[in-house]
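The structure appears right after this line, and notes come after that.
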Amino acid sequence: MGASPLTHARRALSLLLVFLATLAGGYGALATFVQTKQLSVGEIRLSVSPGHKGALDVYVPLVDWGARFEAIRLPARLRVDLRTVDRDTVTRVAQAGWIDVARVRGEARDAIAAYIKALIGVTMLAALAFGLLVAFAIRSRTGSRLRWAAAVAVGTTLVIGIALVVLFPPRGAIDRPQYYAHGADIPRALEAIDTAQRSSRVLDEELDAQLVGLARLVTEPANRTSLSGAPRLTVASDVHNNALTIPILERSAGGGPVLFPGDLTDRGSPLETRVVRRVVRTGDPFVFVSGNHDSDTLERDLAREGAIVLTEDGRLNRDGSHGDVVQEVAGLRIAGYSDPFERRSREDYADRFQPTPTPAMQDRFTSWMRAVQDRVDVIMVHEPKLIEPALAVLGDDPPAHPLVFVVGHTHEADLDTQPGVTVVNGGSIGGGGTGNLAEEAPTDVGIARVVYTVEPAFRPLAVDLVSIDPSSGSATARRVRLDE
């Protein structure tokens with residue numbers, strides 16, 4: 001006779017209990033396994049918090065501030081907490097000493113790798129042990145045979161191990177952090193940034209020297225319009241949360257207008273906004289259009305802080321309404337177009353970026369530009385690819401008066417011209433952002449200045465492009481005359 005349905009149900013239930021017990025054993029080990037590692041700069045504590053969106057969390061209790069990198073595909077967060085700081089290291093930094101960043105990165109990478117290997121081993125061992133323990137505990141004549149229960153425990157353990165090996169180690173570039181704090185606010189973190197600004201002094205002084213030297217080296221023959229006393233504006237973009245370079249922008253602007261075509265933050269979250277919104281004080285005024293790393297939350301906050309926030313629907317007012325599309329700034333008529341990939345608060349600031357704007361997006365921009373081009377001198381937009389079809393249209397039908405496009409996104413300083421049209425990209429004033437600071441070949445800090453005249457009508461006279469290597473402080477600068 002075959003086994004009764006009740007017997008089959010009991011056996012299936014027994015196997016299910018073994019399966020769940022194996023999962024519970026692995027989950028418990030994953031959530032409780034902790035290791036402490038000693039680096040040359042201090043001591044770190046490594047742990048895992050399962051049940052969250054996968055991320056690598058680096059947290060510093062001293063300032064109650066952390067950075068979150070979405071580089072893990074498993075729904076678990078790998079936490080790296082800085083527990084202690086080496087006294088000799090602090091002393092060396094305070095005395096303008098040097099730290100081998102590559103060595104520290106290597107130590108941290110090796111420590112994380114060793115922890116992950118140990119974690120996978122401990123998790124699999126705990127899962128197998130707990131599964132086999134339950135298998136032995138529930139065996140009976142009417143239950144599943146022990147070898148089948150043991151096979152379920154072993155198979156589940158192997159699946160857990162494979163999932164951890166494939167999904168848990170951080171993959172790809174570890175950059176674009178989201179900042180967070182456990183407390184209600186981050187005043188200590190902001191104080192730490194204010195203190196750390198002193199480290200940008202070399203870049204700041206180098207920028208001043210390059211701009212002054214540039215002015216001295218450029219001759220003014222009789223056939224050129226003198227630039228002495230001509231108005232000028234500063235073009236800067238792509239800070240990506242690198243608040244250390246904000247003083248550089250403030251000093252280079254010299255109390256004049258700043259045009260910022262996007263990517264002030266990495267996600268546009270409220271916490272990031274708190275860190276960088278003081279950028280509004282760098283320009284008089286500070287004119288902003290969003291990039292793909294900015295958000296509607298950031299736009300509203302900047303507008304409330306006094307920035308001129310431009311969108312295709314008009315200037316964003318403090319109350320959330322929109323004003324005129326064309327704004328007058330320092331004698332210029334300026335309009336701006338929000339990035340179509342900007343992040344949204346209602347979507348939890350999820351990344352919406354695509355490498356290339358769709359033809360429909362490009363067509364909408366071109367139609368918008370055609371409607372305003374006769375009323376503006378400057379158009380601000382973050383993504384250069386968005387305006388490519390519009391530039392082709394202007395190539396076939398040049399504008400009746402000079403038109404300047406101010407763009408960003410590429411992190412490379414650039415200047416393009418065609419009849420009646422100038423496209424200015426200042427590069428990345430943030431040096432590519434905080435995730436790029438410790439790279440062996442970091443992105444240059446870039447900024448541009450446009451010299452122009454408004455008498456008898458608007459005309460761009462020259463563009464200065466300055467790039468600074470943040471590792472060495474060496475810089476290059478070039479001036480391109482546009483009036484010849």
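The values are calculated or read from the model by the stated rules, or taken from the named source; none is laboratory data. No experiment lies behind these values; they were computed from the predicted model shown. Cβ: placed from backbone, ideal geometry, glycine included. Neighbour counts: every protein chain shown.
Suppose we keep only residues that are outside any helix (DSSP H, G or I) and under 26 Å from the mean Cα position of the chain (by Cα) within the stretch 84-110. Which one would you say is modelled with the highest pLDDT?
Only one residue tops the list, namely ASP100.
Checking VAL421 against (1) surrounded by 22 or more Cβ atoms within 10 Å (Cβ to Cβ); (2) aliphatic (A, V, I, L, M); (3) touching a Phe, Trp or Tyr at 6+ places or on another chain (Cβ under 8 Å), which single condition isn't satisfied? Among (1) surrounded by 22 or more Cβ atoms within 10 Å (Cβ to Cβ); (2) aliphatic (A, V, I, L, M); (3) touching a Phe, Trp or Tyr at 6+ places or on another chain (Cβ under 8 Å), the lone unmet condition for VAL421 is (1). Determine if the stretch 254-273 includes at least one residue that is β-branched (Val, Ile, Thr), part of a strand (DSSP E or B), surrounded by 24 or more Cβ atoms within 10 Å (Cβ to Cβ) and free of Cβ contacts under 8 Å to residues at least 40 places away in the same chain. Among the residues of the stretch 254-273, at least one is β-branched (Val, Ile, Thr), part of a strand (DSSP E or B), surrounded by 24 or more Cβ atoms within 10 Å (Cβ to Cβ) and free of Cβ contacts under 8 Å to residues at least 40 places away in the same chain, which makes the answer yes. The set of residues from the stretch 235-245 being more than 13 Å from GLY433 (Cβ to Cβ) and among the β-branched types (Val, Ile, Thr) comprises just one member, VAL235. Taken residue by residue, the stretch 324-347 has at least one member that is among the aromatic types (Phe, Trp, Tyr) and either outside the structural domain of ARG267 (by TED's automatic domain parsing) or closer than 21 Å to THR366 by Cβ (or both). Of all residues in the stretch 14-39, exactly one satisfies the criterion of being free of Cβ contacts under 8 Å to residues at least 24 places away in the same chain, under 18 Å from ALA151 (Cα atoms) and surrounded by 13 or more Cβ atoms within 10 Å (Cβ to Cβ), namely LEU20. Checking each residue in the stretch 274-289 for being in a helix (DSSP H, G or I) and either of a type in the set (Val, Ile, Thr) or more than 15 Å from LEU233 (Cα to Cα) (or both) picks out ARG274, VAL275, VAL276, ARG277, ARG278, VAL279, VAL280, THR282. Of all the residues that make up the stretch 273-313, how many are of a type in the set (Asp, Glu) and either in contact with a strand residue (DSSP E or B) (Cβ under 6 Å, 6 or more places away or on another chain) or within 14 Å of GLY430 (Cα to Cα) (or both)? Result for the stretch 273-313: 3. Does SER144 satisfy being at pLDDT below 60, in the same structural domain as SER49 (by TED's automatic domain parsing), surrounded by 13 or more Cβ atoms within 10 Å (Cβ to Cβ) and assigned to a loop (DSSP other than H, G, I, E, B)? Against the criterion (at pLDDT below 60, in the same structural domain as SER49 (by TED's automatic domain parsing), surrounded by 13 or more Cβ atoms within 10 Å (Cβ to Cβ) and assigned to a loop (DSSP other than H, G, I, E, B)), SER144 qualifies.
Criterion first (surrounded by fewer than 22 Cβ atoms within 10 Å (Cβ to Cβ), in contact with a strand residue (DSSP E or B) (Cβ under 7 Å, 6 or more places away or on another chain) and among the acidic types (Asp, Glu)) does ASP416 satisfy it?
Here the answer is yes, as ASP416 does meet what is asked.
Candidates in the stretch 451-480 are the residues that are surrounded by 14 or more Cβ atoms within 10 Å (Cβ to Cβ) and among the hydroxyl-bearing types (Ser, Thr, Tyr); of these, the one that is farthest from ARG375 (Cα to Cα) is SER471.
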